[in-house]
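Notes follow once the structure below has been shown.
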Amino acid sequence: MGGRDATMVLLDENGIRCDGRKIDEPRRIMIKAGGLKNADGSAYIEFGDNKILVGVFGPRDVHPKHMSNTDTGILRVRYHMEPFSVGERKNPAPSRREIEISKVIKEALEPAVMLEKFPRTAVDVFIEILQADGGTRCAALTAASVALADAGIPMRDMVAAIAAGKVADTVILDVNNEEDQAGQADMPIGYMPSAEKITLLQLDGVLTPEEYKKCVEVGVEGCKLVYDLQKKALNDKYFGNKGD
Ligand code: UDP
């Protein structure tokens, strides 16, 4: 939590946030399943001003072979930010942050993917952040779940993700970039609704035990909204007339 612009009003006297949202209102979310013809599965998400493309490949042979596991498949995730995705050009070399987020997303997806069904193989998830505006790991995790489903990878459920947080001593849903920088807490949550299981939970900032509980509750409810949009994206592609 930075405090980059101490003068910014994050929550006004009417309970309206810096981008005009109410405290429990997510940003506009649009998810599209499919779109990349050379990938086995793909998805595109717009989550507020975040724009993210995900391509999934596999299950496929693992090279070098010693990286494979005879008992189970392996999931590999690469989260990559385009240099032009942020205001101040990002160095194209992989950053510690990108390596960490790749690991966090991989671990959040693993409980959802039935890796035991395809031993000795790998499923690769490539995440391209085209435009970033706070909450890219949640948006990317959400889109990656849809892309895995689009690839026909056996899954227990999809993981839906959104962040809860705190600004002006108030718990909010879906933290944007300004709120992330100048607010008091940011708690990204990934959730599998059918299993009622949280697979991602991070916290940057300080919360009281009550605020912590409220953030988890608000975040899980937010994930359920995201989940409906994930299902809609797959329905639109496979049962509607908007697919590829
Ligand atoms: N960000 C940036 N430059 C960077 C990395 C991040 O401007 O090199 C911005 C970007 O908008 C990102 C936000 O900072 O969404 C918050 O980053 P954080 O590490 O909290 O991850 P995120 O919220 O995107 O999951």
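The values are calculated or read from the model by the stated rules, or taken from the named source; none is laboratory data. These numbers come from a predicted model, not from an experiment. Note: accessible area is taken over every heavy atom of the protein model, side chains too, but ligands, DNA and RNA are not part of it. Shrake-Rupley method; radii C 1.70, N 1.55, O 1.52, S 1.80 Å.
Considering the alpha-carbon set of region 100-159 alone, what are its Rg and its Dmax in angstrom?
11.8, 37
Pick out the long, greasy-scoring helices in the chain: whole DSSP H runs spanning 15 Å or more along their own axis by Cα, mean Kyte-Doolittle at least 0.5. Numbers along the way, then the final one.
Working: long enough: 96-109 (20 Å, -0.34); 136-150 (20 Å, 0.99); 209-238 (43 Å, -0.76).
Once both thresholds are applied, what remains is 136-150.
By how many nm would the segment from Arg76 to Lys37 grow when fully extended, if each residue of separation counts as 0.36 nm and the alpha-carbon distance is taken off?
Details: separation 39, 0.36 × 39 = 14.04 nm, distance 2.03 nm.
Contour length minus Cα-Cα distance gives 12.0 nm.
What are the equivalent ellipsoid semi-axes of the chain, built from the alpha-carbon gyration tensor (square roots of five times its eigenvalues), in whole angstrom, biggest first? Before the final figure, lay out the partial values.
Details: eigenvalues 191, 69, 63 Å².
Largest first, the chain gives 31, 19, 18 Å.
Please state the Cα pair-distance histogram of region 26-103 with 10 angstrom bins from zero: what percent is in each bin?
15, 34, 38, 12, 1
Carbon and sulfur atoms: what percent of the 1.4 Å accessible area of region 99-190 do they account for?
On the way: 1190 of 2500 Å².
Carbon-and-sulfur percentage of accessible area, whole number: 48.
Top to bottom by accessible area (1.4 Å), largest first, where do Glu210, Glu107 land?
On the way: Glu210 130, Glu107 85 Å².
Most to least solvent-accessible, the answer reads Glu210, Glu107.
Write down the accessible area per residue of region 91-206 in Å², having rolled a 1.4 Å probe over the full set of protein chains. Provide the component values of the computation, followed by the final result.
Working: 4110 Å² over 116 residues.
About 35 Å² of surface per residue is accessible.
Going by Cα centres, region 146-222 and region 34-48 are how many Å apart?
22
Write down the radius of gyration of region 99-244 and its Dmax, each obtained from C-alpha positions, in Å.
When restricted to the Cα atoms of region 99-244, Rg and Dmax are 15.7, 50 Å.
To one decimal place, what orientation-averaged projected area in nm² is obtained for the convex hull of the Cα set of region 66-137?
Working: hull surface 21.9 nm².
Spelled out: convex hull of the Cα atoms, projected over all directions, averaged, 5.5 nm².
Which order do Lys51, Lys37 take by accessible area at a 1.4 Å probe, largest first? Could the numbers behind the result be given before it?
Details: Lys51 70, Lys37 185 Å².
Heavy-atom accessible area, descending, gives Lys37, Lys51.
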